């Protein structure tokens with residue numbers, strides 16, 4: 001069937017293009033990973049002796065470890081907040097007649113289609129003009145706002161596909177709205193909810209601009225990395241980069257995997 | 001969706017999310033516009049006049065526009081063959097996997113990826129080293145810390161975004177239509193022109209708009225790859241805010257950035273709308 005659309009020679013060309021694209025996408029990351037095991041203070045080729053020195057340095061560096069834990073806490077809170085707010089909002093949009101549906105949905109999804117930098121600057125200008133100092137709790141709010149659209153879209157897609165009859169049956173048999181959500185809707189959506197938590201976690205864990213705008217002294221890991229990148233080269237930055245890359249990649253891939261495969265599976269059943 | 005009888009009162013479910021959006025998105029936006037309109041001389045467009053009378057600010061705006069424009073155009077072109085390959089050359093079962101291969105770095109830190117390009121592109125980076133090994137010549141690439149490098153970094157990011165949205169459009173094309181066209185004697189090129197191109201355009205345009213928005217507002221790539229000598233608007237905004245605490249000026253720049261995004265994106269969104277309607281009709 002596919003040869004109707006793509007001729008043999010086209011198919012070869014497309015395959016070649018795809019391979020080149022993969023190479024371009026992964027080349028710098030590979031280089032970074034290789035450099036993270038390279039001894040020698042300056043990050044130039046040729047490759048010298050392999051070493052774990054930078055990883056050891058990294059673990060010994062308190063500022064990195066502390067900012068890592070700050071990021072973990074922030075991203076956990078932001079992803080849980082966004083997923084739960086998003087779940088209820090998606091439920092309302094999907095299963096009720098919301099007045100001004102498009103307007104409200106648009107408002108909630110808006111942070112997705114504006115430059116992220118405007119979220120950060122907006123909140124910062126607002127709080128500074130009423131005399132509040134930028135702080136970590138504002139980063140939490142900003143990042144929740146930033147990942148909320150993702151949560152709403154994912155969860156709304158899922159809830160849209162659940163027939164109303166399931167819940168109606170439960171309610172006509174005497175279940176309360178709350179019980180029917182907890183015992184029916186949440187279990188049905190469990191894979192999607194889990195994937196959404198992971199995905200929003202990854203996005204907020206890696207988010208830099210909002211955090212940079214909204215905090216002065218307490219720093220998250222992306223800010224710590226940024227400081228190191230712009231103020232002068234530390235060789236261990238390759239090790240940090242590799243660690244963060246693998247960490248986020250694993251979480252993101254699991255989430256995407258669930259969304260792309262698991263979800264379609266449960267729908268088939 | 002199907003039958004909306006399910007819940008009668010959506011507000012308890014909707015209110016928390018809506019409150020968050022109103023308090024920390026809508027309100028700050030209104031406040032930002034208000035701040036941009038207030039200056040020492042009272043309410044008016046004074047700040048905007050100042051902005052457009054300051055060469056280095058208008059230059060930064062132009063730079064932001066150009067960088068975003070070029071990277072989006074490149075991204076738009078790259079997306080077609082990539083999405084085409086995944087949808088039409090790969091078995092259905094494996095498509096998500098191939099898509100993930102392209103998108104995977106998308107889920108990881110933007111900053112880290114921009115930095116990793118430094119290792120490759122800098123004057124003593126991998127490419128320069130390879131050239132030296134192969135030709136024996138030691139040349140300065142002079143690529144890093146230029147606008148070209150910014151465009152490169154952002155185009156790469158935009159390509160992923162465009163490929164993703166275009167993939168969504170292409171994968172949902174009804175294969176029966178293509179089979180029918182082919183049975184009636186359409187060649188691959190005709191199928192592309194008359195079926196796939198028009199059906200793919202809405203998805204493609206969505207990706208174009210999104211990548212333009214990301215590119216024009218990005219701060220990390222222009223700083224790490226483009227350098228600080230020729231700043232884009234986002235870099236100016238940050239230095240105003242973190243350096244001088246001039247709230248009105250920062251608000252003015254942010255408002256101008258937002259307006260630029262709306263002006264540039266609106267025709268594309270409209271175009272996409274027209275395409276979708278013409279397809280449905």
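How high is the relative contact order of segment B:46-280, given as a whole-number percent (alpha carbon pairs under 8 Å, six or more residues apart)? Could you put the intermediate results ahead of the total?
On the way: 266 pairs, mean separation 70.4, N = 235.
The normalised contact order for segment B:46-280 reaches 30 percent.
Choose one answer from A:21, A:82, A:255: the residue with the largest mean-square fluctuation in a GNM of chain A with alpha-carbon springs under 10 Å.
A:21
For residue B:123 and residue A:39, what is the calculated FRET efficiency with R₀ set at 22 Å and r taken between the beta-carbons, to the nearest 0.05?
Values: r = 22 Å, r/R0 = 1.00.
Result of the calculation: an efficiency of 0.50.
Which whole-angstrom value gives the distance between the alpha carbon centres of segment A:48-62 and segment A:98-161?
Value for the Cα centre distance between the two parts: 38 Å.
Among A:11, A:204, A:176, which one shows the biggest mean-square fluctuation in a GNM of chain A, springs joining Cα atoms closer than 10 Å?
Taking springs between Cα atoms under 10 Å, the residue moving most is A:11.
Given R₀ = 30 Å, what would the calculated FRET efficiency be for residue B:58 paired with residue A:15, taking r from the Cβ atoms and rounding to 0.05? Write out the running numbers ahead of the final one.
On the way: r = 45 Å, r/R0 = 1.51.
The computed FRET efficiency comes out at 0.10.
Determine Rg/Rh for segment A:139-269; Rg is computed over alpha-carbon atoms and Rh is the Kirkwood hydrodynamic estimate from the same atoms.
Numbers: Rg = 19.6 Å, Rh = 17.3 Å.
Ratio value, two decimals: 1.13.
In whole angstrom, how long is each semi-axis of the equivalent ellipsoid of segment B:46-280, when you take the square root of 5 times every eigenvalue of its Cα gyration tensor and sort them from largest down? Mind dumping the intermediate values first?
Details: eigenvalues 270, 136, 38 Å².
The answer is 37, 26, 14 Å, longest axis first.
From a point 7 Å beyond the Cα of residue B:268 in the direction of its Cβ, which residues of segment A:75-114 have a backbone N at a distance under 18 Å?
Output list for this probe position: A:110-114.
Using 7 Å Cα-to-Cβ label points, what is the residue A:157/residue A:135 separation (nm, one decimal)?
3.8
Along the Cα-to-Cβ line of residue B:180, 7 Å from the Cα, sits a label point; which residues in segment B:250-280 have backbone N less than 20 Å from it?
Label zone hits: B:276-280.
Neighbour counts of other C-beta atoms within 10 Å: give me B:56, A:101 arranged from fewest to most.
Ascending number of Cβ neighbours within 10 Å: B:56, A:101.
Between residue A:63 and residue A:216, what is the spin-label point distance in nm, taking each point 7 Å from the Cα along the Cα→C-beta axis?
Going by the 7 Å Cα→Cβ label model, 1.9 nm.
Going by Cα centres, segment B:57-82 and segment B:210-281 are how many Å apart?
Computed from Cα coordinates, the inter-centre distance equals 11 Å.
Quantify how much of the Cα-Cα distance distribution of the protein assembly as shown extends past 44 Å, in percent. Spell out each step's value before the answer.
Values: 28986 of 150975 pairs.
It works out to 19 percent of all Cα pairs.
Under a point spin-label approximation (7 Å from Cα along Cα-to-Cβ), what is the residue A:97-residue A:175 distance to one decimal in nm?
2.5
Run the helix sum for the protein assembly as shown: -39,500 (n - 2.57) per DSSP H stretch of 4+ residues, divided by residue count, reported at 222 nm to the nearest 500 deg cm²/dmol.
Working: 27 runs with 397 residues, N = 550.
Here the helix-only value at 222 nm equals -23500 deg cm²/dmol.
All of the numbers you see were taken from the coordinates with simple rules; none came from a lab. Being a predicted model, the structure only gives us computed values, none of them experimental. Counting neighbours? That spans all protein chains shown, and the Cβs are built from the backbone with ideal geometry, glycine included.
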